[in-house]
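Q: I have a structure I would like to understand better, so I am pasting it below and will then ask my questions one at a time.
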Amino acid sequence: MTIVEDALVCARATSEQITQHFENNSQMWAAPLSRLQYLHLQNQLAKGDAHVGITQYWVLFNSCDPETIISSCSVYFRSAAVNSGRGMESVKAAIITDIFTHADFRREGMATKLLIMVQKVLNRMANDGVEVSIIYSGVNTEFYRSSIIPKPSEDKNMTRLAPNELSDLCLEEINIAKLRLSLLRSTDITFVQLLDTRGVLAWHLARSLALKRHLGSTMAKEHTCIYGVKYSGQRGVTAWAWWAPDFRSRKLFIGHIATSRFKGMQTPIAKILHEAVAEAYAFGLKEVVMWDPTNDVTEAGILLGNQLGEGVQVILEARPDNIPLLRTTGAIVLARVTSTHYSFIQYSFSSTIPFGPRPATTQTSHQTESINFRLVAPKSSTMSTMPATGGHSQSCCNVPPIVRKGYKPKGTYEEIGGFRTYVTGPSDATRALVVIFDIFGYFEQTLQGADILAHSDNEHKYKVLIPDWFKGKPADIEWYPPKTPEQKEKLGAFFGEFPPPVVAANVPAFVQAVKEKNASLAKFGIVGYCWGGKVATISTKADKSPFEAIAAVHPAMIDPADAQGIKVPMALLASGDEPAEDVKKFEETLTVPKHVEIFKDQIHGWMAARSDLSKDRVKEEYERGYKVLLSFFGKHL
């Protein structure tokens, strides 16, 4: 059908057009509700505090035919806070959703035209405090079959919460969120935080109850609803969460997990996730989903699976659906909601293991989350002065001459566990080192280092394996440090696609595949460079880690809290670019045999892809670093 653009009108919907808007939406979104049930639900929600007076409906139509809605959307105004480098400011966020285009006008860009016009309206509302808009669509995905019998935990520190208790906690969390946001400082990034107000909580719970009446099973209708829990430690509430069962999509959505600290909260979060999974099962739901998880939430999810042992597989996959587009009023997309990529962690029930008071039997799926990199200028060339600790010998092993450029690797590439893998080392080796390379992949400096580890110690023979987690698509070394906005965007997208917890969850299966292919390998150690150092640390912290020793070399994202979970000997070789205070705290937290050393005159990456071996000092410290690793593994593996 031909549309004359000059004849298009975008306007606030009349009462009749609002009804038609939701009748149109019912064609796509009502199922498994009937059309009348869906319209009744929308009518009930429209009467709530989170709706009346703060919701708009916009329609696009032809001036010659105003009764035919070409495209339409809902705009919900929600409380939010932003920080553009001047401290925290309370604002409003416009959530644009329920976008529908008439079948006769699809594939003609009508929804885009509508959204552009609505955007112009929202830009004019800046004086009214509307600073942020988010376009959101809710595409459902398939779920897995459920055959487990989960039960709530019996932890005496866990308390189940009534809606009024959750409402009070939401109010407290808003104040904390504003305080945290006010501490952020950046003139390049506008930070945005949507706020969990009482009205938003009430809206979700009301929707959940309405869907339960229409779609809940007999089991669900007989179950007393629990909408959240809190976990209390010795000093009060350590963590709490609220959630809302969605009987339409057969999922339990976790609205928010609040913690008393930013980091090191994996254990209480895992207990909360356990409660959520048990509640989902009680309702007869298939999935537990949380959007935008922190690193701690993601690691807690992996911890949940690792605690269960055999019969549980952790599944990691990208989810391109349900990704909101966030923009600031009158500008391009500059703001981000907590992390660079809006992400989630999902539990799908697929195991036959009975679920008692331990954490739930699950599969885990999650997309991506952002990783903040500290970019530090290279230090001046001075001798490394921090003394070695942990008893390593300076005169260890027979390291071959270092090839400055044009190194020819000694190993071969094999397919192991679904990953192309560089394999090097003697055939009679009884020990293996899994190397997690940096984000730049198979650089010759990294491969030379692997060959040094594999062939330099005749008393301790190692098979060294480097799997390609990036499937042949590593980051371009020109992106780091990023010099242009385009490079920053590409680097951020790469980290979003390969967050360390996601890769770490695949490591145990890879090691098992190595064992099946070479049964003579009795002991395993792990080495991680830069980004890979974080992966190695997370992998070794797992309850059933296959590794008996770990080395993190110029590791990214050093977190002293990670040291608490390390139960095997560890070496940490830091460059001068890593925060010395974090390295010191990490060393102090370790309770295992250790070797911690800062190579103060070396840059981040000097033992891997970023190593400039044409420089004598770099070559010298590159060689010494590998001697340290050989000595360490010779003693502890």
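The values are calculated or read from the model by the stated rules, or taken from the named source; none is laboratory data. Owing to the predicted nature of the structure, the values given are computational and were not obtained by experimental measurement. With ideal geometry, Cβ positions are generated from the backbone for all residues, glycine too; neighbour counts draw on all protein chains shown.
Q: Where residues in the stretch 405-434 are basic (Lys, Arg) and assigned to a strand (DSSP E or B), which of them is surrounded by the fewest Cβ atoms within 10 Å (Cβ to Cβ)?
A: ARG420
Q: Kindly check whether there is at least one residue in the stretch 510-524 that is within 20 Å of ILE439 (Cα to Cα), in the same structural domain as PHE419 (by TED's automatic domain parsing) and not small (Gly, Ala, Ser).
A: yes
Q: In the stretch 477-500, is there at least one residue being at pLDDT below 90, in the same structural domain as ILE603 (by TED's automatic domain parsing), closer than 19 Å to TYR422 by Cα and among the hydroxyl-bearing types (Ser, Thr, Tyr)?
A: Within the stretch 477-500, none of the residues are at pLDDT below 90, in the same structural domain as ILE603 (by TED's automatic domain parsing), closer than 19 Å to TYR422 by Cα and among the hydroxyl-bearing types (Ser, Thr, Tyr).
Q: Quick check on my filter: what residues within the stretch 487-520 are farther than 19 Å from ASP543 by Cα and touching a helix residue (DSSP H, G or I) at 6+ places or on another chain (Cβ under 9 Å)?
A: GLN487, LYS488, LYS490, LEU491, PHE494, PHE495, PHE498, PRO499 - these are the residues of the stretch 487-520 that are farther than 19 Å from ASP543 by Cα and touching a helix residue (DSSP H, G or I) at 6+ places or on another chain (Cβ under 9 Å).
Q: Being in contact (Cβ under 8 Å) with a residue 60 or more places away in the chain and over 20 Å from GLY533 (Cα atoms) is the filter here; which residues of the stretch 452-503 pass it?
A: Once the filter is applied, which keeps residues that are in contact (Cβ under 8 Å) with a residue 60 or more places away in the chain and over 20 Å from GLY533 (Cα atoms), the stretch 452-503 yields SER456, ASP457, ASN458, GLU459, HIS460, PRO482.
Q: Report the residue count in the stretch 539-557 for those that are out of contact with any His (no Cβ under 8 Å at 6 or more places or on another chain), among the aliphatic types (A, V, I, L, M) and crowded, with 24+ Cβ neighbours inside 10 Å.
A: The total comes to 4.
Q: Only residues that are of a type in the set (Val, Ile, Thr), modelled with pLDDT of 75 or more and closer than 19 Å to GLU172 by Cα: list them for the stretch 229-268, please.
A: If the condition is that a residue be of a type in the set (Val, Ile, Thr), modelled with pLDDT of 75 or more and closer than 19 Å to GLU172 by Cα, then VAL229, THR238, ILE254, ILE257, THR259 are the ones that fit.
Q: Hey, any hits in the stretch 609-620 for a residue that's touching a helix residue (DSSP H, G or I) at 6+ places or on another chain (Cβ under 8 Å), farther than 27 Å from SER545 by Cβ and buried (at least 20 other Cβ atoms within 10 Å of the Cβ)?
A: Within the stretch 609-620 (the criterion being touching a helix residue (DSSP H, G or I) at 6+ places or on another chain (Cβ under 8 Å), farther than 27 Å from SER545 by Cβ and buried (at least 20 other Cβ atoms within 10 Å of the Cβ)), the answer is yes, since at least one residue qualifies.
Yes or no, residue by residue, for (1) under 26 Å from the mean Cα position of the chain (by Cα); (2) at negative phi; (3) at pLDDT below 95:
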position	(1), (2), (3)
ILE526	yes, yes, no
ILE550	yes, yes, no
LEU573	no, yes, no
THR591	no, yes, yes
ALA609	yes, yes, yes
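Q: Count, please, the residues in the stretch 399-437 that happen to be among the basic types (Lys, Arg) and within 30 Å of the chain's Cα centre (by Cα).
A: 1
Q: Additional query: Out of all the residues in the stretch 297-309, is one or more at pLDDT 75 or above and in a strand (DSSP E or B)?
A: No.
Q: Something else about it: Working only within the stretch 590-614, note down all residues that are in contact (Cβ under 8 Å) with a residue 12 or more places away in the chain and among the charged types (D, E, K, R).
A: LYS594, GLU597, LYS600, ASP601, ARG610
Q: Residues that are under 23 Å from THR298 (Cα atoms), in a helix (DSSP H, G or I) and out of contact with any Ser or Thr (no Cβ under 7 Å at 6 or more places or on another chain): does the stretch 611-630 have at least one?
A: no
Q: Answer yes or no as to whether ILE436 is under 24 Å from LYS615 (Cβ atoms) and in contact (Cβ under 8 Å) with a residue 60 or more places away in the chain.
A: Numbers: under 24 Å from LYS615 (Cβ atoms): no; in contact (Cβ under 8 Å) with a residue 60 or more places away in the chain: yes.
Judged against the criteria, ILE436 is not a match.
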